[in-house]
Amino acid sequence: MSSIKKDAIKKKWEDTDFPLVCETCLGDNPYLRMTAEPHGKKCRICDTPFTVFAWQAGTKGRLKRVEICKSCARAKNVCQVCIYDLDYGLPVAMRDKILQEEGGIHQGGGGGSLLTTAVPQSDANRSWFNAQQARMIENGELDHNVSTAAHAKLSSVARMEPRYERNLPKLCSFYAKGECNRGANCPFRHEMPRDRNDPFSKQNTKDRFYGTNDPVAKKMIWRRHQIEEAQKKAEAIKEEQDGDERAIATCYVCFDTKDEATKNIPISEQDLRDYFYSHGEIASVRMHQDKGAFIEYTTGEACELAIHTMDKQKICGRKILVTWARQPKRGNTRTFGVDGVVGTAAGGDVLGEGGPIQPMAPPGSSNAVTDDSKHETLTTCLPVGFTPSAQVAAAAKARALTTSGLASTGLAAPKPGGGAIRRVGGGGMRGAAPKPYYPSADPNRLGTATK
């Protein structure tokens, strides 16, 4: 480092008082002793000498030190040690992918650069980029305002809980050879190394910073894709079982009843409006007793944003679960919310259990259906409490047989549910199909002859 410290452009070197690191890299020990070495080494991204901080990450952690300068870390909003995002705890590649899918981020008032901006890798362009970043940091123009949709998506996959297992000591090479004689006093882990072809054993700082060829990010993106595919399959299976389709702009809010301390806290319609109005214009709110509520928005985008933002949140101290509502299909008035809760979909007036709509009996048909398994007559399509007299029932049955053509054949009416179709007459056996009629082959017409 003697050659670096004698450089003539020393005024451009970085000198800071505290590093920009995440909670995981600091470790679980609240009493932390940190050493600082001004201009200890070059940044692995911009080659600028900077202050190197080192500390022991926790009681069982290894000695950690910063790898990139603070200016580069601010440009990407990442930790100087693990190069993970400071707001969501995600790798740069995964964060940038979600930002591109959900519309990126909004620029601040001063026109700060985007998080997804690629840092130049050539010397001249990187020097200009670092100068611009330093100017914006000094003027307070570097402000990353993530859009609402992207923030909701990133929050759903965020990993903000500390993962102290990343601070464990490195593997002992002497133990792998069978030559370590320190035993329990060895500061390294006594475990056998992984396969040399394992992609997780080949990681570098530049790939993680630029978001290229990062095996950790690739695995997390693959896992997220698998979870989304499983959710789509579960929704498809549920649609087939329920016979209902997802509502366009209606979500179902289910009140949590598992927590004994909060299950009796009432949530009113006004409380729901106060928490859900910020996501879009609300068309209607229909309460489902004390189990939940249906909230209908004017647009599907507002409903989707409310689901991503408010799911598993608390209202008045009570946890809620938010998911898409179901709209009826083919006469089914039931709508299934969370945990099998039944209600009506958008446009329904009555909440509660229902079933397929029973059509009214056509004129002249019988209103009595015989159930052979119970040997009793069930009246359907009739008002509650109304029973026809025996004369009216017999007259209706006789009229139905007369109009259907079964009276002359002596055959009984087929049972509902299908079966073999038999023609009337001929002992119930299927006869030959009649020949088609052609006027030119009719012998009664003038100018025709048949042999």
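Quick check: from the Cα gyration tensor, does the range 20-106 come out rounded (a/c under 1.5), prolate or oblate? Note, shape of the range 20-106 comes out oblate.
At full extension, F18 and L63 could sit 14.5 nm farther apart than now, given 0.36 nm per residue minus the alpha carbon distance. Charge tally around A36: other residues with Cβ under 14 Å, Lys/Arg +1 each, Asp/Glu -1 each, net +1.
Treating r as the C-beta distance of M34 and M287 and R0 as 41 Å, the FRET efficiency rounds to 0.15.
The packing ranking of peptides 204-216, 83-95, 222-234, highest mean first, is 83-95, 204-216, 222-234, where packing means the average number of other beta carbon atoms within 10 angstrom of each residue.
Stretch K233-S278 to full length: gain in nm at 0.36 nm per residue minus the Cα-Cα span? Between K233 and S278, full extension yields 13.1 nm more. Once a ≥ b ≥ c are taken as the square roots of the eigenvalues of the Cα gyration tensor of the range 152-276, is the result rounded (a/c under 1.5), prolate (a/b larger than b/c) or oblate (a/b not larger than b/c)? Since a/c reaches 1.5 and a/b is larger than b/c, the shape of the range 152-276 is classed as prolate.
Taken together, the values in this text are just the output of simple stated rules run on the coordinates, not laboratory data. The model shown is predicted, which means the values in this text are computed figures rather than measured ones. Every residue, glycine as well, gets a Cβ built from its backbone with ideal geometry; the counts of neighbours run over all protein chains shown.
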